[in-house]
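Chemist: Sharing a structure here in structure tokens format.
The values are calculated or read from the model by the stated rules, or taken from the named source; none is laboratory data. The structure displayed is predicted, hence computed values, not measured ones. Cβ: placed from backbone, ideal geometry, glycine included. Neighbour counts: every protein chain shown. The accessibility values were calculated without ligands, DNA or RNA, using every heavy atom of the protein model including side chains. Shrake-Rupley method; radii C 1.70, N 1.55, O 1.52, S 1.80 Å.
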Amino acid sequence: MARNRVHIHAGPAEVFAVLSDPERYPEWVVGAAGFRDEDDEFPAVGSRFHHKVGSWPIGLKDYTEVLEAEPPDRLVLKAKARPLRRAPRSGTTAGAASSAYAGSEGDSRAK
């Protein structure tokens with residue numbers, strides 16, 4: 001599985017704010033075509049936001065679910081884009097379609 005690590009010139013709270021704002025999902029996820037809706041409790045564990053992936057005529061409507069949330073240090077997301085396979089669960093320092101991890105440099109949870 002590929003993993004990406006990106007250094008961002010911002011603190012964990014600033015990064016978490018972007019990653020936990022589903023309307024900004026298309027800004028940092030390659031292939032995301034738009035935001036549709038979110039659960040009222042987002043980004044609580046188990047909550048979801050709904051998005052579009054791809055473009056016409058093959059655009060798909062699907063969702064991303066919160067697996068772990070420890071504001072402002074950790075946010076793990078599971079993205080789906082049916083009928084494609086579910087993105088694997090993983091962690092990154094800044095963000096990926098499969099999941100996102102916001103944390104301080106040197107944090108042992110960053111993989």
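Chemist: Once a ≥ b ≥ c are taken as the square roots of the eigenvalues of the Cα gyration tensor of region 1-66, is the result rounded (a/c under 1.5), prolate (a/b larger than b/c) or oblate (a/b not larger than b/c)? Intermediate values should be presented prior to the final figure.
Modeler: Working: a/c = 1.98, a/b = 1.27, b/c = 1.56.
Since a/c reaches 1.5 but b/c is at least a/b, the shape of region 1-66 is classed as oblate.
Chemist: Provide the per-residue ³J(HN,Hα) series for region 27-42, in order, calculated from phi with Karplus coefficients 6.51, -1.76, 1.60 and θ = phi - 60°, each as a whole number of Hz, with x at glycine and proline positions.
Modeler: Running phi through 6.51 cos²θ - 1.76 cosθ + 1.60 with θ = phi - 60° gives 6, 10, 10, 5, x, 6, 9, x, 9, 10, 5, 9, 5, 4, 8, 4 Hz.
Chemist: Leaving ligands, DNA and RNA out of it, report the carbon-plus-sulfur percent of the accessible area of region 1-64 at a 1.4 Å probe.
Modeler: On the way: 2160 of 4180 Å².
For region 1-64, the apolar C and S fraction of the accessible surface comes to 52 percent.
Chemist: Still on this model: Compute the FRET efficiency between Glu68 and Glu23 as 1/(1 + (r/R0)^6), taking r as their Cβ-Cβ distance and R0 = 25 Å, and round to the nearest 0.05. The partial results should precede the final answer.
Modeler: On the way: r = 21 Å, r/R0 = 0.85.
That pair, Glu68 with Glu23, gives E of 0.75.
Chemist: Can you tell me how much longer the chain between Asp40 and Ala13 gets when fully stretched, taken as 0.36 nm per residue apart minus their C-alpha distance, in nm with one decimal? Kindly include the intermediate steps, with their values, before the conclusion.
Modeler: Numbers: separation 27, 0.36 × 27 = 9.72 nm, distance 2.06 nm.
Extra length from Asp40 to Ala13 when fully extended: 7.7 nm.
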